[in-house]
Amino acid sequence: MSDERIFRLLLLAGFVIIMPIGVYHRLRASTGEKLDRRQEGLFIFVALRLIGVAGIFGLIAYLINPALMAWAAVTLPAWLRWTGVCLGLIAGALIVWTFRSLGRNLTDTVVTRKEHTLVTTGPYRWIRHPFYTSAALAVLANSLTAANWFLFATGAVVFLLLVVRTWKEEENLIARFGDTYRNYRQRTGRFVPRL
C-alpha cells in the first residue's frame, strides 16, 4: 500500500469518526430558538461559511480521489505528514471534549441562547475558545496529512475570520455574564492556555 493511500485512509477515518460526532452534538444542542446570526456581521457570516465550504469540498475531493486535488499538492517528507496525523488525533480529542463540555450551549454563531450558561469546565478551564483551537489544529493536521496547500489556505482564512469573530462573541458574553466573564477572561487564554 502506498504512503498516499495510507494518509488518505487515515484522513477518511478521522472524517468518518468526527463528522457524525459533530452532527450528533449539534442536533442535541438544537433548541429551535431563533438566533440572530447577523450579529457577527454580514462579511464574516458569508465569508466564513463560503470559505469553510470550499475547504471541506477540497478535503472531500482529496478523500474521493487525491488526483482531484493534485493541482494544490505540495511535496512534504513522510515524517511531516505523520506529524499531521498526530495533530489530527489531538484535534479530534479536543473537539470531542469541547462538544461534551459545551452541551446545549453549542451554537454556530456569536449569539448566546436564552438558557445559555457560562462553561468553565473541561478545556474551558484553560482556554475560552477550544472549539476554534481544535479547528486550527484540524486544519493544520489535514493539510499536512494531505500535503495540500489549498486545505491550509482555506483553513487559515477561516481561522482568521473566527479570530475576528471572537471579539463580538466575547462582547456578547460580557453583556450576558458581566464581571463573571471578565474574571474568567483574565485567568484564561483565548486559544492557548495562559502562562
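The values are calculated or read from the model by the stated rules, or taken from the named source; none is laboratory data. No experiment lies behind these values; they were computed from the predicted model shown. Here the Cβ positions follow ideal geometry from the backbone for every residue, glycine too, while neighbour counts run over all protein chains shown.
Data for the structure
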| quantity | calculated |
| --- | --- |
| Only one of THR75, THR98, THR145 that is within 27 Å of SER30 (Cβ to Cβ) and not aliphatic (A, V, I, L, M) | THR98 |
| Breaking point among (1) over 25 Å from LEU173 (Cβ atoms); (2) surrounded by fewer than 18 Cβ atoms within 10 Å (Cβ to Cβ); (3) touching a Phe, Trp or Tyr at 6+ places or on another chain (Cβ under 6 Å), for ARG81 | (2) |
| Counted residues, region 23-40 - those being among the acidic types (Asp, Glu) and surrounded by fewer than 10 Cβ atoms within 10 Å (Cβ to Cβ) | 1 |
| Lone qualifier among SER101, SER134, SER143 - being small (Gly, Ala, Ser) and under 24 Å from GLU33 (Cα atoms) | SER101 |
| Subset of region 51-78 (residues that are of a type in the set (Phe, Trp, Tyr) and either within 23 Å of the chain's Cα centre (by Cα) or surrounded by 13 or more Cβ atoms within 10 Å (Cβ to Cβ) (or both)) | PHE57, TYR62 |
| Filter result for GLY32 (assigned to a helix (DSSP H, G or I) and closer than 24 Å to ASP108 by Cβ) | no |
| Qualifying positions in region 9-22 - out of contact with any helix residue (DSSP H, G or I) (no Cβ under 6 Å at 6 or more places or on another chain) and surrounded by 15 or more Cβ atoms within 10 Å (Cβ to Cβ) | PHE15 |
| Those residues of region 152-194 which are within 14 Å of the chain's Cα centre (by Cα), β-branched (Val, Ile, Thr) and surrounded by 16 or more Cβ atoms within 10 Å (Cβ to Cβ), in sequence order | THR154, VAL157, VAL158, THR166 |
| Tally, over region 104-122, of residues that are surrounded by fewer than 20 Cβ atoms within 10 Å (Cβ to Cβ), of a type in the set (A, V, I, L, M, F, W, C) and under 20 Å from ARG38 (Cβ atoms) | 2 |
| Matching residues, region 123-149, being farther than 25 Å from ARG100 by Cα and either among the acidic types (Asp, Glu) or crowded, with 21+ Cβ neighbours inside 10 Å (or both) | SER143, LEU144, THR145, ALA146, ALA147, ASN148 |
| Inter-residue pairs, beta-carbon under 8 Å, first on the phi > 0 side of the Ramachandran plot and in region 141-157, second assigned to a helix (DSSP H, G or I) and of a type outside the set (A, V, I, L, M, F, W, C), 6+ apart | ALA147/ARG81 |
| Lone qualifier among GLU40, GLU4 - being in contact with a Lys or Arg (Cβ under 6 Å, 6 or more places away or on another chain) and in contact (Cβ under 8 Å) with a residue 12 or more places away in the chain | GLU40 |
| Which listed residue, of LEU50, LEU89, LEU42, is out of contact with any His (no Cβ under 7 Å at 6 or more places or on another chain), within 20 Å of LEU140 (Cβ to Cβ) and either modelled with pLDDT under 95 or among the aliphatic types (A, V, I, L, M) (or both) | LEU89 |
